[in-house]
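Asks: The structure under discussion is supplied below as structure tokens; questions concerning it will follow.
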Amino acid sequence: MENSADAPAERIRIVNLLASSEPLEGVRAAGWVRTTRRGKEVAFINLNDGSCFASLQVVLEPDLPGFEKISRVGTGACLAVKGDLIPSPASGQNWELKAREVTILGDADAEYPLQKKRHSFEFLRTIAHLRPRSNTFGAVFRIRSALSFAVHQFFRDRGFLYVHTPIITANDCEGAGELFRVTTFDAENPSRRENRIDWSKDFFGERTGLTVSGQLEGEAFATAFSDIYTFGPTFRAENSNTSRHASEFWMIEPEMAFADLAADCRLAEDFLRYLVTFVLENCTEDLKFFNDHIEKGLIEKLETLAGAQFRTLTYTEAVKALSSAGRDFEFVVEWGLDLQSEHERWLTESYVGGPAFIIDYPAAIKAFYMRLNRDERTVSAMDLLVPRVGEIIGGSQREERPEVLSRRMREAGIEPESLWWYMDLRRWGSCPHAGFGLGFERFLMYVTGMENIRDVIPFPRTPGNAAF
Ligand code: 4AD
Ligand code: MG
């Protein structure tokens, strides 16, 4: 193997080659062909291995063994190259690789779908297995990976315990009936008793589904470890085909004992500022691409957010502002009704002109676990709204008083006995506590400027689509 170009394991990543401080002899790179160009004497291949936005220019000269074949290799082919890293005379790149040996690891013919420079995002969704090899999706998924790391770093620095909450669960945390069922029953012929499905005969001995949120189990851990967070997939069978809803998405849910709603909002604000600063400092090249091609002014928007104080409005103030907006909204604005996304967008984009917390929502439109305020009409809830995307965070202080909690559950049609273990947390050692959930994809949409949630998750699941 010593002198073979066919040794991808010993390769140097293109990101490292391009950052080299000196010329290098006999180095190996491997990657996928983005473009080829043949001149009279030489041929050029742009090779990308996903380690950074930029591709490496490989220079082929006629004395290269196999020159004729290699210089005609198709876009999308996979190559291993051994050569010398030399200063590049071309503008916009410091180094190029003068090839000495090239191995075609996997050829590609003219039917390779990523031939054009620009494809529509709709088209690229139909080739979700290949779109990571495009400029836009390379940048999206590098940022997604970097930010996942930053999420853990933020909480680790602050002493939060990372907990893995279950994916299969018997509780519907949000109480909205959006659980995907998990069952081993034969769909045609489930066990029945008196004409009804007998879930006690199912695999877990009760009705189970995929979790919509790790919060309830997170609360159990917060009342032991004080500060915890989860970061995992969540599932919602809500049939809303919008650009902001996915059936499977990732959520980050911190939960803090001894915290009220104000502390919850402070954590959310610090968290977002941290993530945005992280991406500004660590994902410069990819962000520049989004700034130039996807959302003009993106970097400035992120820099502003990194230094901004977020505005806070109560729900009641928000409804007042909406009512006097002089706008024709499609949905009615009235105290007691939920805010629709057109209302949320107007509040953050036109009224506040930046991120805004809306707090103290009517109890009747929010989940059972949110703490009832003294007015008995509103709960200590918060949603964080941002321009273009709308709600990216939902959170609250939790109801820690057992009698109020069981009353609220009954009002919501939930038998407290069905969540006996959750009630136990109020029975023994109850304490004020609060938390929130950040939708990771919604946040990525905000950070990249991508307008559809399907384009910030590797293989999106939405109503009618679970391909790949
Ligand atoms: O507001 P939600 O429903 O809150 C909860 O699930 C709480 N249990 C969180 C907590 O307090 N621990 O969801 C939280 C966030 C939303 O603000 C939104 O960003 C995202 O999750 N989200 C979705 N993202 C993509 N597709 C969907 N269908 C989403 N539903 C919610
Ligand atoms: Mg919400």
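Asks: Would you point out which residue out of R142, R156, R131 is modelled with pLDDT of 95 or more and in contact with a strand residue (DSSP E or B) (Cβ under 9 Å, 6 or more places away or on another chain)?
Replies: Answer to the check: R156.
Asks: If the requirement is being open to solvent by less than 20 Å² (accessible area, probe 1.4 Å) and touching a residue at least 24 places away in the same chain (Cβ under 8 Å), which of these qualifies: A43, A110? Reasoning before the result, please.
Replies: Details: A110 fails: open to solvent by less than 20 Å² (accessible area, probe 1.4 Å).
Just one listed residue meets the conditions, A43.
Asks: Shifting gears a bit: What pairs come up if the first residue lies in the stretch 317-336 and is closer than 14 Å to S350 by Cα, the second is aromatic (F, W, Y) and open to solvent by less than 40 Å² (accessible area, probe 1.4 Å), and their beta carbons are under 7 Å apart, counting only those six or more places apart or on different chains?
Replies: Pairs found: L322/W346; A325/W346; R327/W346.
Asks: Let me ask something additional. Of the residues that make up the stretch 243-253, is at least one open to solvent by 10 Å² or more (accessible area, probe 1.4 Å), of a type in the set (S, T, Y), under 22 Å from A176 (Cβ atoms) and not in a helix (DSSP H, G or I)?
Replies: So far as the stretch 243-253 goes, yes, one or more of its residues are open to solvent by 10 Å² or more (accessible area, probe 1.4 Å), of a type in the set (S, T, Y), under 22 Å from A176 (Cβ atoms) and not in a helix (DSSP H, G or I).
Asks: For the stretch 364-381, does any single residue satisfy the condition of being within 16 Å of ligand 2 (Cβ to nearest atom), over 19 Å from G437 (Cβ atoms), over 25 Å from the mean Cα position of the chain (by Cα) and of a type in the set (A, V, I, L, M, F, W, C)?
Replies: Checked against the condition, which is being within 16 Å of ligand 2 (Cβ to nearest atom), over 19 Å from G437 (Cβ atoms), over 25 Å from the mean Cα position of the chain (by Cα) and of a type in the set (A, V, I, L, M, F, W, C), the stretch 364-381 yields at least one hit.
Asks: Same structure again: Name the residues in the stretch 392-426 that are within 16 Å of ligand 1 (Cβ to nearest atom), part of a helix (DSSP H, G or I) and more than 29 Å from the chain's Cα centre (by Cα), would you?
Replies: L405, R408, M409, L419, L425
Asks: When the stretch 179-210 is examined, which residues are found to be of a type in the set (D, E, K, R) and open to solvent by 40 Å² or more (accessible area, probe 1.4 Å)?
Replies: Across the stretch 179-210, the qualifying residues are R181, D186, E188, R192, R193, E194, R196, K201, E206, R207.
Asks: On the basis of being closer than 30 Å to L302 by Cα, away from ligand 1 (no atom under 11 Å from the Cβ) and either modelled with pLDDT under 95 or not aromatic (F, W, Y) (or both), does E451 make the cut?
Replies: yes
Asks: Given E441, E451, which one is in contact with a helix residue (DSSP H, G or I) (Cβ under 9 Å, 6 or more places away or on another chain), within 16 Å of ligand 2 (Cβ to nearest atom) and not in a strand (DSSP E or B)?
Replies: E441
Asks: While we're looking at this one, here's another question. Name every residue in the stretch 358-391 that is within 13 Å of ligand 1 (Cβ to nearest atom), crowded, with 22+ Cβ neighbours inside 10 Å and farther than 14 Å from E411 by Cβ, in order of residue number.
Replies: Result: I358, Y361, R371, S380, A381, M382, D383, L384, L385, V386, V389, G390.
Asks: Just need a number here: residues in the stretch 382-411 that are within 11 Å of ligand 2 (Cβ to nearest atom) and farther than 18 Å from A434 by Cα.
Replies: So the answer is 3.
Asks: Something else: Only one residue in T169, T136, T165 is open to solvent by less than 80 Å² (accessible area, probe 1.4 Å), under 19 Å from the mean Cα position of the chain (by Cα), within 13 Å of ligand 1 (Cβ to nearest atom) and not aromatic (F, W, Y), so which one is that?
Replies: Within the list T169, T136, T165, the selection yields T165.
The values are calculated or read from the model by the stated rules, or taken from the named source; none is laboratory data. Computed from a prediction, not measured in an experiment: that's the story for all the values here. So basically every Cβ, Gly included, is an ideal-geometry build from the backbone, and we count neighbours across all protein chains shown. Side chains included, ligands, DNA and RNA excluded: accessible areas come from the protein's heavy atoms. Shrake-Rupley method; radii C 1.70, N 1.55, O 1.52, S 1.80 Å.
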